[in-house]
Amino acid sequence: MKKITSPIGYSWCSICRQHLDISNFHRGSRYNGFHSFCKSCDSIRRDVWNKDHSEHVKIYNDNYVRSLKNEVIFNYGGKCICCGENKFEFLTIDHISENGNKHRKEIGQSSIYQWLKRNGYPQNRFQLLCMNCNFAKGKYGSCPHKMEMLKAI
């Protein structure tokens with residue numbers, strides 16, 4: 001089989017069988033340092049594989065998200081800072097400065113958990129709350145637990 005050589009700055013896609021600029025290829029382990037198929041063909045190939053293996057993909061994604069959320073919860077203390085709830089399923093991240101909607105728009109479709117991990121779990125802008133405390137803070141301005149503590153003083 002004859003080896004196909006590409007002009008400098010180009011690579012050969014083994015799927016669409018075209019010489020394309022190397023910017024159209026992901027970095028990889030092929031002899032020239034790039035994958036053997038272009039980004040477009042890779043995207044189509046991945047979509048077909050995901051469709052054919054949808055149950056596997058769902059299980060993988062669920063496990064990944066659960067693991068990532070677990071890591072984030074650990075890095076933010078493992079319990080609601082307001083009421084002390086520590087059940088994984090009830091915990092969520094709260095934007096301390098109440099700019100969550102704006103921040104989610106800024107980071108786009110990326111998961112807040114991925115963003116927090118990539119940014120070293122910033123402690124000064126985020127905290128761990130249970131869903132009830134987070135909802136109450138957003139709806140009423142503060143959590144009933146905080147009100148109870150203030151009345152007790």
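No value in this document is a laboratory result; all are computed from the given coordinates. The shown structure was predicted, so the numbers you read here are calculated from the model rather than taken from an experiment. Neighbour counts are summed over all protein chains in view; Cβ atoms, including those assigned to glycine, are modelled from backbone coordinates with ideal geometry.
Remarks
- Residue check, residue 94 closer than 21 Å to residue 138 by Cα and surrounded by 14 or more Cβ atoms within 10 Å (Cβ to Cβ): yes
- The range 44-88: number of residues that are more than 16 Å from residue 126 (Cα to Cα) and of a type in the set (Val, Ile, Thr): 5
- Checked against the criterion of being basic (Lys, Arg) and either exposed (fewer than 13 other Cβ atoms within 10 Å of the Cβ) or in contact with an Asp or Glu (Cβ under 7 Å, 6 or more places away or on another chain) (or both), the candidates 69, 58 yield just one match: 58.
- The range 65-99 - residue that is without any contact (Cβ under 8 Å) to a residue 12 or more places away in the chain, in a helix (DSSP H, G or I) and more than 15 Å from the chain's Cα centre (by Cα) and, of those, farthest from residue 135 (Cα to Cα): 74
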